Every structure is written in structure tokens, then in C-alpha cells.
Amino acid sequence: MPVAIEFSQRVRRIPVYPAAGGYAQQEPLVRLASNESPFPPLPAVRDAIDRALGTLNRYPDPSNSLLRRGLSDRYGVPETRIAIGNGSCDILLAAGEALLEPGAEIVYAWPSFSVYPHLAAASGARAITVPLDRQQRHDLPAMLREVTVATRLVIVCNPNNPTSTAVPLADIAAFLAEVPPHVCVIVDEAYCEFNLLEDPDASLELLGAHPNLALLRTFSKVHGLCGLRVGFALCGSDELPRALDQVRQPFFCNALAQAAAVEALAHQDAVEDRVTRTVAERISVDERLRALGIEPAESQANFCWFQLGQDTDEQVVMRGLEERGVLVRAGSALGSQTPALRVTYGLPEENRRFLDALGEVLQPV
Ligand SMILES: Cc1ncc(COP(=O)(O)O)c(C=O)c1O
């Protein structure tokens, strides 16, 4: 018998990320489990990737200069206040490393994005989780009550993954006004383009008043580039971007990702078109869920979240959907105490297959 390797306390604390399955399967599946875009990269973005292929014998630009400039032009944030990452997850993990340590505290809502628990576990900091309100939205006043002298980081996920809900920007502004300036606040806006409550750029105005604020965004969702891994944070000061670069390896953003992201920024019209198509599906899927007797949370994202009813076996529903070629996420894997599902809005045909399958699984004939 081989001796089992003895790992660090840190590794024993870190939860395993609940990744979706099905990636190795060849057959055509309806993939609605990871909040990906159903739309392939734009032709111009593919051309930019093709052009960058010939440079792969060189390391990527370590300062991400063209992307940094493109983001600065697009969002009106100085280049030194922009952090870039190997996906926005990379920025979250680096923020945990830069800000947290034993004795420090991190505050976030729960259920929320599955990566947040990793930050406290990896650093030895204390995680303070604040339940969502009855509408499955962040309870910002309750979160504020948890901020202490020990708090180093607060994360507000808006719209929230997995519950799809958003809080109004005015509430976030009021929250920020009360958070002490030593506390870094990351507003995770991975899905902000799908939020019809606000103009996605409205939160940028908060940066001027709050040097401790970072708006976390990604090319993974609305730009459909999650296969390349590139995200960014627009920050209220240059302190956080500098610290994030200190704790990471150089060359964290690969050359193809940089080239693709720069090109993607030039196609705002396509982004808007994709949002419109996704929101049309959102309205239609939610309506058809209600016809099945299901009440989805008020989605401002590219996915929906709904309870299945106390007596429904979530795993049986998951298996039934999978047998019909439809992959979604079980609520229990994402922090729900009650049977629930998170389902990405796909193309019209994919959504139809999901809804037909769900109807069959819930009401077997
Ligand atoms: C709320 C939230 N933040 C961040 C991310 C990370 O995205 P990426 O690392 O692909 O930029 C995700 C991905 O699902 C997410 O749901």
C-alpha cells in the first residue's frame, strides 16, 4: 500500500470547485450548466486569434498593454487602475491572497459564486456569509452589519450567481458610503450586461468616490470567450491592481486571450445584439417555467434559478434531464438548502429541449 501524501492544512481547507461535467462527451448535448454564451466568438475576434497564433513562440505581453489601453478607452478608467486576469476568477483568488490572512475577515452573501469560499480557506481568514433575502437578493444592510475592524474584503455579486437576481445600484452606492475605507469592496459584475435594471456602465461612476472599490468584469460571458480565460477589474485606485500583480506569476494572461479581448471591445453592437437575444429567451423561458408551475427568481442574468419544491428529489430531476441530453446545475452543488436548479438560457432550440425534458421529468406520464 502506498503511503498517502500528507497535504497542508490549507489544501485540506480549500473546497473542491463544483465544476460542471460533460466536457469530454462527444455527442451533442444541451449545455446549460455553466452560464456560458451560446454564441460562438465573432468572426473578427476569430481573425484576431488567428493573427496572434503566429506569435506563440514569444511570451505574451506581461503588461497587457493593448488590452489595458482598450479597456481604459472603453471605460474611461486610467490604465493604472485596471487589473487584468486569467479569467476574473484569477483576480478573485489573487485578491484573496493580497488582502486576507489569519485574523482577517471576508464578507459575502450566500448562496453566491462558488469560488468565494476558496478565498478564506486558502488564506486562513474567517468567512462571514450573509443569507440572501426572501427574493434571493443580497441583503446589503445585513452585510454592512458584519463589517468590522477585521474585515479586509467584501464581495457583492451583482447580478448574483447562482440566484440570477440583482440589487439596484442606488443600494450599492448607499452600502459603499457606509463601508470603512480600509475595506476593499469587489462588486462582481460578471453578468452586468444582462441586467436591465441599470445601464451596465452606471456603476463606473462609483469609482471616483471610492478608492477601495473594484468592479470585476469578464470576457467569459457576454463576449463568449470563456475558453480563453480573460477578465478584468476596474478599480477606484491603483493600489489593488499593483498588489494583485505582486502575488501572481508573470504572463498570467495568454497572447490569444489578449488579442481576442482587444478585438472584442470593438464590437459593442454585437454585445448588445446578444444581450437582446438572451433577454428575449429569458422572458420566454421564464414564462414557460411558470406554465409548469415553477416560479423562477427575477433574473437579471443569462441564467435562471428556481426551487423545485420540497418533495422533489433534485438528483432524480438532474438524472432525468441528463438522460435527455440536457445539462444544468443542481442547486445543492451551489449552496441551496432546498431542491433547486440553475439553468443557463441557451439558443431557442436548446431552451425548448430543456423545457420539454423538464416537463417530462416533473410530470411523468
Ligand atoms: C459571479 C461570477 N464571477 C466570476 C466568474 C468567473 O468568470 P471568469 O473567470 O471566466 O472570468 C463567474 C463564472 O461563472 C461568475 O459566475
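The values are calculated or read from the model by the stated rules, or taken from the named source; none is laboratory data. Here the structure is a predicted model, which is why all the values come from computation and not from measurement. Cβ sites come from the backbone with ideal geometry, for glycine too, and all protein chains shown count toward neighbours. Only protein heavy atoms, including side chains, enter the accessible area calculation; ligands, DNA and RNA are left aside. Shrake-Rupley method; radii C 1.70, N 1.55, O 1.52, S 1.80 Å.
Key figures
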{"quantity": "Surface accessible to a 1.4 Å probe, Ser8 within the full protein complex, Å²", "calculated": "60"}
{"quantity": "Among Gln25, Val45, Asn35 the positive-end extreme of the charge dipole of region 1-66 (Cβ point charges)", "calculated": "Asn35"}
{"quantity": "Alpha carbon centroid spacing (whole Å) that separates region 221-293 from region 169-195", "calculated": "18"}
{"quantity": "Antiparallel bridges, percent of DSSP beta bridges restricted to the chain (to nearest 5)", "calculated": "45"}
{"quantity": "Percent carbon-and-sulfur accessible area, the chain, ignoring ligands, DNA and RNA, probe 1.4 Å", "calculated": "53"}
{"quantity": "Length-normalised contact order for region 86-209 - Cα pairs under 8 Å, 6+ apart - percent", "calculated": "23"}
{"quantity": "Where the chain is the region considered: accessible area per residue in Å², 1.4 Å probe", "calculated": "47"}
{"quantity": "At q = 0.10, 0.14 Å⁻¹, base-10 log of I(q)/I(0) for the chain (Debye sum, equal scatterers on each alpha carbon)", "calculated": "-0.64, -1.26"}
{"quantity": "Arg31 - accessible surface, heavy atoms, 1.4 Å probe, Å² rounded to 10", "calculated": "80"}
{"quantity": "Charge dipole (the chain, unit charges on Cβ, about Cα centre) - positive-most of Ala266, Phe113, Gly76", "calculated": "Phe113"}
{"quantity": "Sequence of Val247, Val16, Val361 when ordered by accessible area, the most exposed leading, probe 1.4 angstrom", "calculated": "Val16, Val247, Val361"}
{"quantity": "Surface accessible to a 1.4 Å probe, Arg68 within the full protein complex, Å²", "calculated": "40"}
{"quantity": "Relative contact order (%) - criterion: Cα under 8 Å, at least six apart; region: the chain", "calculated": "23"}
{"quantity": "Charge sum, other residues only, whose C-beta stays under 15 Å from Glu101's C-beta, Lys/Arg counted +1 and Asp/Glu -1", "calculated": "+2"}
{"quantity": "Sequence of Thr338, Thr278 from largest to smallest accessible area, 1.4 Å probe", "calculated": "Thr338, Thr278"}
